[in-house]
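Below is one structure, written out as structure tokens; comments come after it.
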Amino acid sequence: MRISLALIITAATAMLLPAAHAASPQPEPHARKQPNILLVVADDLGYSDLPAFGGEIDTPNLDALADEGVRMTSFYTSPFCSPTRSMLLSGTDNHLAGFGAMAEFATPEQKDQPGYEGKLNARIVPLPQLLRDAGYTTLMAGKWHLGTQEQDSPAARGFDYSYAMMQGGAGHFDQVRVNYRDASQLDRTLYRENGKSVLLPENGFYSSEYFARSLISQIERNRDAGKPFFAYLAFTAPHWPLQAREETIEKYMGRYDGGYEQISAERLARMKRLGIIDQDTAPYTGHPTWPRWAQLTTEQRHMESKRMAVYAAMVDDMDRHLGELIAYLKLIGEYDNTFVLFMSDNGADGNTALDIGAAREWVARHMDNSLENTGKANSFIEYGPGWAQVGSTPFNLYKSFMYEGGIAAPAIVRGPGVAGRGAILPAFTHTMDVMPTLLELAGIQHPGTRYQGKEVLPMKGRSMLPLLAGEVSAIRGDDDAVGWELGGRKALRKGDWKIVWSNKPWGSGEWELYKLSTDRAERHNLAEANPAKLQELIADYATYEREVGVIDVPGLADRIRYSNSTNYYEELNK
């Protein structure tokens, strides 16, 4: 028997009210061997934002997941959204899956080259396709960012149902997005339902609520079939523009008046108490390009405090609507048989979109970024490098960089196959490992190098199931090397060692060497002290570049305005 969405939300809300951590009575689930899978991705969430990772934002539902399952404290992503999502759904490196560059930033040398298609390419077999082949109902709601055309949409890559925002970022209350080409005109975000272009509801839309409830409706609609489901909930929160409900913003007003250094120090202390980081961890304290809290004017502090309040409100509401979905799964007796993986797609975002094309002029013409209007539908707010560095506590820098603050993300896993309650797993894991894990969990084999008569790429990731089950302490050895490259910035990790290259002024413009077991904040460059190890990892990186087909464009890291702008505080003055 079907349950109406209104009744589901009423019942789910009631289940959330008493105590988010309390177990709820559950009906008997359908007998089945294969577990359901719920894959949840937050957009630009910082490493230390959640209480489970040391933060102060209210997220009782994610806290409960962490208490029931495990926190992975060395889980890695790409430093940008779409490359991470390409690895997530392919099990291989972004250069092999079609996102050697962000589609928005690809250079003429890179465009349309193998691995730089700017869409999930035909060389990989997407995760939802294999799950659907094996009898899963495959559902998706939220941010896609893996190709905008219908033939590249979720509907064409294995999802039975999808309601997808096709581009990288947009308003959370409506379909308006920045017009990067023409400041005089509004632009509309492209949404597709089952591949077809659609308009958002005219009233009552809020991204986190709509995406979570779309999945609830679709799980309910398909429940009588008795098939396991794969649900991909790709929140667009807390990606810019920072917009949230006024009542949730009000909850956080004043909470961040103490400023960057105070909030970061409080988070650091909690992270140490929780065991997220070592007791002797000394944090990266921020890039010298950016001012400290004491250097801001009174007006800037008021703006910054409210912007962080809006950001926190977005995370709070994201958690609340995830909680509705979880409560619904409990209501129908499917929660215990659901494997849940929550992650962020990269580090906190301290960059600015306002230096792309006509964006700055467009915002000035069409948006109201006054203090009073901050966070509303007709504002376009980012939260800048100061708060992003807080979100990255204790790591170096943030999104777009290959330092830990850009590629280390919070990840939580619970459900079938996961041993231990509230455990912390420090082993090195990677976004590429998610697909192999989910396939093994479902008892499905990847086809290897041929699928439906065509040559395809095998996965490069490794199943995390033995790690999650407590059977092994690591899935990679000291000699296993994993590389990164995006926008001309580069890194490679091998055992405890990591090399990073970043352009000036953010890095040295030379390869840097860090030992993560003693310096995860990357404060002490050991390149001069250990030249042999440096050269060993540089050689490993060269092998990585050849294997995945990196197109190395000279000076590329300096050419992307989004990740090189120093104008944030000038904008704040306006």
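The amide H of residue 451, built 1.01 Å from its N in the peptide plane, has 456 as neighbours under 5 Å, considering only residues 5 or more places off or on other chains.
Between the amide H of residue 230 and those of 37, 137, 138, 139, distances stay under 5 Å, these residues lying 5 or more places away or on another chain, with hydrogens modeled in the peptide plane. Surface composition of the chain: carbon and sulfur make up 49 percent of the accessible area, probe 1.4 Å. Backbone N atoms of segment 191-231 closer than 18 Å to the 7 Å Cα→Cβ label point of residue 10 belong to residues 217. Taking packing as the residue-averaged number of other Cβ atoms within 10 angstrom, the listed peptides 240-253, 106-119, 442-455 run from highest to lowest as 240-253, 106-119, 442-455. Candidate cross-link partners of residue 33 among the lysines, defined by an alpha-carbon separation under 19 Å and a same-chain spacing of 8 or more, comprise 227, 330.
Spin-label model, residue 279 to residue 496: label points 7 Å out along the Cα-to-beta-carbon direction sit 1.8 nm apart.
Would you mind checking which residues have amide H under 5 Å from residue 162's amide H? H placed 1.01 Å from N; only 5 or more apart, or other chain. Here the answer is 140, 194, since their amide H atoms fall under 5 Å of that of residue 162. Over segment 411-460, Cα pairs under 8 Å with separation of 6+ residues give a relative contact order of 26 percent. Per residue, the accessible area of the chain comes to 36 Å² when a 1.4 Å probe rolls over the protein heavy atoms. List the aspartates and glutamates whose Cα lies under 19 Å from the Cα of residue 454, skipping any in the same chain that are fewer than 8 positions away. The reachable aspartates and glutamates, counting only those whose Cα sits under 19 Å from residue 454, are 117, 133, 152.
Can you show me the helix-derived [θ] at 222 nm for the chain, built from DSSP H runs with n ≥ 4 at -39,500 (n - 2.57) apiece and divided by the number of residues, rounded to the nearest 500.
-9000 deg cm²/dmol
[x] 24.0; [y] 25.9; [z] 30.2: which one is mean projected area of the Cα convex hull in nm² as calculated from this entry? Entry [x].
Peptides 364-373, 264-273 ordered by packing proxy, namely the average of other Cβ atoms within 10 Å per residue, highest first: 264-273, 364-373. Straight-line reach from residue 490: taking Cα to Cα under 14 Å and skipping same-chain neighbours fewer than 8 places apart, the aspartates and glutamates in range are 93, 404, 510, 512, 540, 545, 552, 558.
Could you tell me the center-to-center distance, by alpha carbons, between segment 373-402 and segment 448-509 in angstrom? Centre-to-centre (Cα) distance: 26 Å. Cross-linked pairs 119/460; 460/504; 143/251: Cα-Cα separations exceed 22 Å for 460/504; 143/251. Short-range pairs are left out: with C-alpha atoms under 8 Å and at least six residues apart, the relative contact order of the chain is 23 percent. The distance from the alpha carbon centre of segment 177-204 to that of segment 103-119 is 24 Å, rounded to a whole number. Here the Karplus curve 6.51 cos²θ - 1.76 cosθ + 1.60, taken at θ = phi - 60°, turns the phi angles of segment 280-287 into couplings of 9, 5, 9, x, 5, 9, x, 6 Hz, with x standing for Gly and Pro. Could you state the number of Å between the C-alpha centres of segment 54-69 and segment 516-532? Here the answer is 32 Å between Cα centres. Computed from backbone phi with θ = phi - 60° and the Karplus coefficients 6.51, -1.76 and 1.60, the 3J(HN,Hα) list for segment 112-117 is 6, 7, x, x, 10, 5 Hz; x is used for glycine and proline. Applying a length cut-off of 27 Å (Cα extent along the axis) and a mean Kyte-Doolittle floor of -1.0 to the DSSP H helices of the chain leaves 298-331. A protection proxy built from the mean count of other Cβ atoms within 10 Å ranks the segments 384-395, 483-494, most packed first, as 384-395, 483-494.
The values are calculated or read from the model by the stated rules, or taken from the named source; none is laboratory data. This one's a predicted model, so the numbers in the text were calculated from it and none came from an experiment. Methodologically, a virtual Cβ is constructed for each residue, glycine included, from the backbone with ideal geometry; neighbour enumeration extends over all protein chains shown. Accessible surface is based on the protein model in full, side chains and every heavy atom, while ligands, DNA and RNA are left aside. Shrake-Rupley method; radii C 1.70, N 1.55, O 1.52, S 1.80 Å.
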